[in-house]
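Enquirer: One structure, pasted below without further comment.
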Amino acid sequence: MRLPYQPALLRLLHGAAAILVILALITGFWVYNTYDKRWGSLALPTLEDIQGIHGTIALTFLLLLPVFALYSFRLGQRRLLEEQSLHQLKQMNRPTGWVALHRLANTVMLLATTFAVITGRMMKEEWLPAGEINRAWYQAHLVAWLCVFISLALHVLLGAKVGGVPLLLSMFKWNVRDDDQPRSWLRGFKLNPASSLLKGIEIIVFGGIGLAFLLPVFNS
């Protein structure tokens, strides 16, 4: 089975982001499972510092997110939603329709994780241990968790639909071509997104990331 080649920088950033997102989803559910349980629970062991563990993972992801988003908008634009993709979404009986849907899922994933870091940064650790599970920011963060979970599932399932198992496995290859060294990683970097649609989405994502860093300062 011949695997398609993915740029080394993409594999590095995508791999780190994937690990952090999955860990954040797991520990986020663990926090809910420890303090909330309104919509069901699992028999997980109690970890005293589960909020701290989740927060550390989430903060690490927040630090990575601007770099990953910059790569996505300036070097990986063909993997995101384009204006022509909106028309292709009507052609689900053709491969181009599924490719457009995959690009939509990738784009939604960026928006969902941005929503998650904003709402997470606005929470306070003392709320849940005190039983304050109806706080607006906590409720919003639960919705964000669900959005990230669904968008991640769609990202993987549609990736398998569009490129099959070879596409999924190609993200985990270790080999690097001679022409894919760090000095060439920024080759093809675009100063601006290819379309006004992507420009608008980029503004939302980077604006949200900025809010995630700034809002906690005013929430002390």
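The values are calculated or read from the model by the stated rules, or taken from the named source; none is laboratory data. Since we're looking at a predicted model, the values are computed, not measured. Cβ atoms come from the backbone with ideal geometry, glycine included; neighbour counts cover every protein chain shown. All accessible areas refer to the heavy atoms of the entire protein, side chains included, with ligands and DNA or RNA removed. Shrake-Rupley method; radii C 1.70, N 1.55, O 1.52, S 1.80 Å.
Enquirer: Give the Rg (one decimal place) followed by the Dmax (whole number) of the range 1-105, computed from C-alpha coordinates and expressed in Å.
Expert: Expressed in Å, the Cα Rg and Dmax of the range 1-105 come to 18.4, 51.
Enquirer: Over the Cα atoms of the range 105-220, Rg to Rh with Kirkwood Rh, two decimal places?
Expert: Value, to two decimals: 1.08.
Enquirer: Lysine pairs in the chain 8 or more apart or on different chains: how many have alpha carbons under 24 angstrom apart?
Expert: 5
Enquirer: Keeping all protein chains in the complex and leaving out DNA, RNA and ligands, what accessible area do you get for L42 with a 1.4 Å probe, in Å² to the nearest 10?
Expert: That residue has around 110 Å² of solvent-accessible surface.
Enquirer: Restrict the search to the range 45-131; then list the trypsin sites (Lys or Arg not before Pro) that DSSP places in a loop and that have at most 16 other Cβ atoms within 10 Å of their Cβ.
Expert: In loop regions of the range 45-131 (DSSP not H, G, I, E or B), the sparsely surrounded trypsin sites (Lys or Arg not before Pro) are K90, K124.
Enquirer: OK, next. Tell me, what is the FRET efficiency for A136 and L42 to the nearest 0.05, using R0 = 22 angstrom and their Cβ-Cβ distance as r?
Expert: 0.25
Enquirer: Now for a separate question. Could you work out how much longer the chain between K90 and F218 gets when fully extended? Use 0.36 nm per residue separation minus the Cα distance between them, nm to one decimal.
Expert: So the chain would gain 41.7 nm between K90 and F218.
Enquirer: What does the charge dipole of the range 1-134 about its Cα centre add up to, to the nearest 20 debye, if the Cβ of each Lys and Arg holds +1 and the Cβ of each Asp and Glu holds -1?
Expert: Dipole of the range 1-134, to the nearest 20 debye: 840 debye.
Enquirer: Please give, to one decimal in nm, the separation of the simple spin-label points placed at E125 and L3, each 7 Å out from Cα toward the Cβ.
Expert: 3.9 nm
Enquirer: Which of M123, W98, L64 sits closest to the plus end of the dipole of the range 9-127, meaning its Cα is farthest towards the positive end, when Lys and Arg get +1 and Asp and Glu get -1 on the C-beta?
Expert: Ranked along the dipole, the leading option is W98.
Enquirer: So between R177 and V156, what do we pick up on full extension, going 0.36 nm a residue minus the alpha carbon distance?
Expert: Here the segment from R177 to V156 would lengthen by 5.0 nm.
Enquirer: For the range 85-210, what is the relative contact order in percent, using Cα pairs closer than 8 Å and at least 6 residues apart in sequence?
Expert: 29 percent
Enquirer: Mind ordering 196-207, 179-190, 108-119 by average Cβ neighbours within 10 Å, highest first?
Expert: The peptides rank, most packed first, as 108-119, 196-207, 179-190.
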